[in-house]
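Asks: Structure in structure tokens, see below.
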Amino acid sequence: MIQINKELCIGCGKCVKDCPVFCISITDHKASASGDCMNCGHCAALCPKEAVSIPGYDMDDVEIYDKTTFSLEADTLLRAIKFRRSIRDYKPLPVEKEKLQKVLQAGRYTATAKNNQDCHFIFVQKELAALKQQVWDFIEDYANSHNDNASADMLPYLSFNQRRKADCNDDYLFRNAPVVAYITSVWPLDAGLAAQNMELMAVSLGLGVLYNGYLARITNANENLKNWLGIKGKTIKACMLLGYPNVFYERTAPRKEANVIWK
């Protein structure tokens, strides 16, 4: 539940008008909150007197709007979206923690259903070799136990494993990326939205990204690996490879005409 400093509150009513769950009211020219608050922070963000705070949240992390430093130029943003590519070839360079922190913040600040903020972010870089070994061991164990009756869903992984054993430099599943990022969420859309914002941030930092559905599925199937990752009982809804691209694209790629209906 939000807290309202009565000494600072001027009773302007902006928080009342904007509250999505109608839990704020004005009494004796002061705002007060009751009922089923979802801590979305709209009231704190628009209060002209900084009278609103949310216990348990880091209020020092709140930024004041400054139109001289806040800009999002539409054509520049569209150009960045058009130029982004799925990167499948990475340089053998680690990614700085400071950059990964910014990628994390881009995901953390993404909208979530009912402000549940349920997304859980896991970045694996230092222990990537251990992650890979667990993935390959799981696939190898499956191959040995199923012989000729492997499910159709597992056939691609058996193929990836055969390629790896035939050529130790073949890293088709991980693409030699230095970082694997997982996102868990009860709501699939929340994870997808977070992943998209994280990719935009990564690209702005000179990084490349590949959404890896194969790796998400095989990790979800391995409960021991999920326990090792610290996400026991959770479901991975998005998986991303991150790193410095080892490929440069000279231009945007063509796209079909938009399948759109205007009414």
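The values are calculated or read from the model by the stated rules, or taken from the named source; none is laboratory data. Keep in mind that what you see is a predicted model, and the values were worked out from it rather than measured. We place every Cβ from the backbone using ideal geometry, glycine too, and count neighbours over all the protein chains shown. What goes into the accessible areas is simple: the full protein's heavy atoms, side chains included, and nothing from ligands, DNA or RNA. Shrake-Rupley method; radii C 1.70, N 1.55, O 1.52, S 1.80 Å.
Asks: Which aspartates and glutamates have a Cα less than 13 Å from the Cα of K6, not counting those fewer than 8 places away in the same chain?
Replies: D28, E50
Asks: With unit charges on the beta carbon (Lys/Arg positive, Asp/Glu negative), name the residue among I87, A111, C19 whose Cα is farthest towards the positive pole of the charge dipole of the chain.
Replies: I87
Asks: Another question, then. Mind jotting down the three principal axis lengths of region 82-125 based on Cα atoms? Whole angstrom, largest first.
Replies: 40, 27, 15
Asks: Go through V135, G233, T252 and say which Cα lies farthest out towards the positive end of the charge dipole of region 127-263; charges sit on Cβ, +1 for Lys and Arg, -1 for Asp and Glu.
Replies: Checked the options; the winner is T252.
Asks: When Lys and Arg each count +1 and Asp and Glu each count -1, what net charge do the other residues less than 15 Å away from I81, Cβ to Cβ, add up to?
Replies: +3
Asks: While we're on this one: Taking Rh as the Kirkwood radius computed over C-alpha pairs, what is the Stokes-Einstein D of the chain at 4 °C in a medium of viscosity 1.567 mPa s, expressed in µm² per second?
Replies: The calculation lands on 60 µm²/s.
Asks: List the DSSP H helices in the chain whose Cα atoms stretch 18 Å or more along the helix axis and whose mean Kyte-Doolittle hydropathy is at least 0.5.
Replies: Those that pass (Cα extent of 18 Å or more, hydropathy at least 0.5) are 188-204.
Asks: Can you tell me the dipole magnitude for the chain around its Cα centre, using point charges on the Cβ only (Lys, Arg +1; Asp, Glu -1), in Debye to the nearest 20?
Replies: With only Lys, Arg, Asp and Glu charged at Cβ, the dipole is about 600 debye.
Asks: If packing is taken as the average number of other Cβ atoms within 10 Å across a peptide's residues, how do 38-49, 71-82 rank, most packed first?
Replies: 38-49, 71-82
Asks: So what is the relative contact order for the chain, in percent, with contacts set as C-alpha pairs under 8 Å and at least six apart?
Replies: Averaging sequence separation for qualifying contacts and normalising by length gives 21 percent for the chain.
Asks: Mind checking the per residue accessible area of the chain for me, 1.4 Å probe, whole number of Å²?
Replies: Result: 65 Å² of accessible area for each residue.
Asks: Shifting gears a bit: Find the percent of Cα-Cα distances in region 1-60 that exceed 19 Å, and round it to a whole number.
Replies: It works out to 16 percent of all Cα pairs.
Asks: Ignoring ligands, DNA and RNA, please state the percent of accessible area on region 113-245 from carbon and sulfur, probe 1.4 Å.
Replies: 51 percent
Asks: Sticking with this structure for a sec: May I ask you to give the average projected area over all directions of the convex hull of the Cα atoms of region 140-263, in nm² rounded to one decimal?
Replies: Mean projected area for region 140-263: 11.7 nm², to one decimal.
Asks: Ok, one more. I'd like the chymotrypsin sites (Phe, Trp or Tyr not before Pro) in region 1-65 restricted to DSSP loop residues with at most 11 other Cβ atoms within 10 Å, sorted by number.
Replies: F22, Y65
Asks: At R0 = 22 Å, how high is the FRET efficiency between K132 and K97 if r is their beta carbon distance? Nearest 0.05 is fine.
Replies: Given R0 = 22 Å and the Cβ-Cβ separation, E is 0.60.
Asks: In Å and whole numbers, how far do the C-alpha atoms of region 27-119 stretch along each principal axis, longest first?
Replies: Principal extents (largest minus smallest coordinate, Cα): 63, 30, 24 Å.
Asks: I need the calculated FRET efficiency for the pair E7 and Y109, taking r as the beta carbon distance and R₀ as 22 Å, to the nearest 0.05.
Replies: With R0 = 22 Å, the Cβ-Cβ based efficiency is 0.15.
Asks: With only alpha-carbon atoms counted, please give the Rg and Dmax of region 118-192, in Å.
Replies: Just the Cα atoms of region 118-192 yield Rg and Dmax of 14.7, 41 Å.
Asks: Can you tell me the dipole magnitude for region 51-165 around its Cα centre, using point charges on the Cβ only (Lys, Arg +1; Asp, Glu -1), in Debye to the nearest 20?
Replies: Dipole size: approximately 600 debye.
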